[in-house]
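J.: Sharing a structure here in structure tokens format.
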Amino acid sequence: KLKVANAYAAGLVKERASVIQSKTDKPVRFEISEGTRRSISQWIADPLMSGSEFLWPGRFHERLHISTRQYARLVREWVQSIGLDPTSYGTHSMRRTKVAQIYRKTGNLRAVQLLLGHTKMDSTVRYLGVDLEDALSIAEPVEI
């Protein structure tokens, strides 16, 4: 349900955007990378986008934006098109990938919690699958 106005203003694609998370009804900010900004800019300029309120409009007039099923189908097709196994990748695993990498590189659970829009650290820990082994490997290099 991402709207054009969430990602585009004053003739430019924003570097960061914010959406209201449906589960918590709270805003979650996210970064829009340079490559993604170029793609969005080209997409918005496409004549098919003329007058669209939503960044990814639906296929039918009664549906203003793509559905979660349509999105999942697109992701499955993209994954197949680059020769990967579509059963190993999905919309949710793609959401998890960046924050999992951030956690692996920094060990900063609070940053991941904020990026995901989680209100409880327990949710973030469960989401990432953090276990005692992870905690010990982060603590190991710290000498006191």
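J.: Using only protein heavy atoms and a 1.4 Å probe, report how much of PHE60 is accessible, in Å² to the nearest 10.
T.: The value for PHE60 is about 110 Å².
J.: Using a 1.4 angstrom probe on heavy atoms only, work out the carbon and sulfur share of the accessible area of the chain in %.
T.: On the way: 5980 of 10920 Å².
Ligands and nucleic acids excluded, carbon and sulfur give 55 percent.
J.: Rolling a 1.4 angstrom probe over the protein heavy atoms, how many square angstrom per residue are accessible across the chain?
T.: Values: 10920 Å² over 144 residues.
Ligands and nucleic acids excluded, the figure is 76 Å² per residue.
J.: Using helices alone, what [θ] at 222 nm do you get for the chain, with -39,500 (n - 2.57) per DSSP H run of 4 or more residues, divided over all residues and rounded to the nearest 500? Working shown, then result.
T.: On the way: 7 runs with 70 residues, N = 144.
Result for the chain, helices only: -14500 deg cm²/dmol.
J.: With each label point set 7 Å from Cα along the Cα-Cβ vector, what nm distance links ARG59 and SER33?
T.: 2.8 nm
J.: In whole Å, what is the distance between the alpha-carbon centres of the stretch 38-59 and the stretch 62-139?
T.: With the stretch 38-59 and the stretch 62-139 each reduced to a Cα centre, they are spaced 26 Å.
J.: Near TYR8, within a Cβ-to-Cβ distance under 12 Å, what is the net charge of the other residues, with Lys and Arg +1 and Asp and Glu -1? Spell out each step's value before the answer.
T.: Details: positive: LYS3, LYS14, ARG37; negative: GLU15, GLU53.
Neighbourhood net charge equals +1.
J.: Related question: Contact order normalised by length for the chain, with contacts defined as Cα pairs under 8 Å and 6 or more residues apart; what percent is it? Working shown, then result.
T.: On the way: 121 pairs, mean separation 23.8, N = 144.
In percent, rounded to a whole number, it is 17.
J.: How large is the dipole of the chain about the Cα centre if only Lys and Arg carry +1 and Asp and Glu carry -1, each at its Cβ, rounded to the nearest 20 debye? Please list the in-between numbers first.
T.: Working: 22 positive and 15 negative charges, 108 e Å.
So the magnitude is around 520 debye.
The values are calculated or read from the model by the stated rules, or taken from the named source; none is laboratory data. Given the structure is predicted, the values throughout are model-derived calculations rather than measurements. Backbone-built Cβ (ideal geometry, glycine too); neighbour counts: all protein chains shown. What goes into the accessible areas is simple: the full protein's heavy atoms, side chains included, and nothing from ligands, DNA or RNA. Shrake-Rupley method; radii C 1.70, N 1.55, O 1.52, S 1.80 Å.
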